[in-house]
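In what follows, a single structure is set out as structure tokens and then discussed.
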Ligand code: ATP
Ligand code: MG
């Protein structure tokens, strides 16, 4: 499973519809300070259900992630981001080769709507779809700048626990501890 494409429209600095295609094994996104690299990372987490405006590095309301205007361009009233994943290995439990997950928000009501393969759904449906795929909230599929220095500074035992998390051993360890303490 891999992320094939991101489409952003009205999300943070991406006022116009922008499509990023990730066909190769590794894609690097480079650019000057403030050009929107981290906003792409925020967009991915937003679609996957991030509810904390602060952790999206934005203002007080979720609608603050909508493009707020610049010298050349007027603000817009809607933000939409969609992620298209390759699902040929059926990591997502759906019979489709491609899975598109999208989230949209209107400035007028500050409310988000979600779709999976263009069918409206609840946030819960997205959470269930990504559960145990490595994309979930506490997974290591997104590692931010702060995480890297924390990893470098960590004690060996703490570092080991991160490897255990990534290898999927952590949940068995937790279950073992739970059953031993009964
Ligand atoms: P750095 O290299 O410094 O980490 P970056 O490429 O990661 O930079 P971002 O943090 O992604 O940059 O983008 C910051 C830019 O996004 C700022 O110019 C900010 O004004 C703009 N931005 C953020 N939210 C909005 C919004 N709602 N509307 C318009 N522009 C926004
Ligand atoms: Mg950045």
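FYI, it's all coordinate maths here, none of it is from the lab. Just so we're clear, the structure is a prediction, and the values are computed from it rather than from any experiment. All Cβ positions, glycine included, derive from the backbone under ideal geometry; neighbour counts span all protein chains shown.
Look at the Cα gyration tensor of the stretch 2-130: its axes a ≥ b ≥ c give a/c of at least 1.5 with a/b at or below b/c, and that counts as oblate.
Separation of the stretch 1-42 from the stretch 153-182 is 33 Å, based on Cα centroids. One chain, two ends: residue 23 and residue 51. Fully extended at 0.36 nm per residue, the span grows by 7.2 nm beyond their Cα-Cα distance.
Computed over the chain, the per-residue total of -39500 (n - 2.57) for DSSP H runs of n ≥ 4 gives a 222 nm mean residue ellipticity of -8500 deg cm²/dmol, rounded to 500. For a paramagnetic label modelled at 7 Å from the Cα of residue 106 toward its Cβ, which residues of the stretch 65-79 fall within the zone defined by backbone nitrogen distances under 16 Å? Inside the label zone: 66, 76-79. In terms of the mean number of neighbouring beta-carbon atoms within 10 Å, the peptides 163-170, 37-44, 144-151, 56-63 order highest first as 37-44, 56-63, 163-170, 144-151.
Relative to the longest principal axis of the Cα atoms of the chain, the long axis of helix 37-47 lies at roughly 70 degrees.
With a simple spin-label model that places each label point 7 Å from the Cα along the Cα-to-Cβ direction, the separation between residue 147 and residue 16 comes to 3.3 nm. Hey, quick one: spin label on residue 97, modelled 7 Å out along Cα-Cβ, who in the stretch 1-38 has an amide N within reach, i.e. under 15 Å? Output list for this probe position: 1-2, 4. Between helix 170-180 and the chain there is an angle of about 50 degrees, using the helix long axis and the longest principal axis of the Cα atoms. Each label was represented as a point 7 Å from its Cα along the Cα-to-Cβ direction; for residue 70 and residue 172 these points are 5.0 nm apart.
For the chain, the longest principal axis of the C-alpha atoms and the axis of helix 156-167 are separated by about 70°. If R0 equals 35 Å, the separation of the Cβ atoms of residue 61 and residue 182 corresponds to a calculated FRET efficiency of about 0.20.
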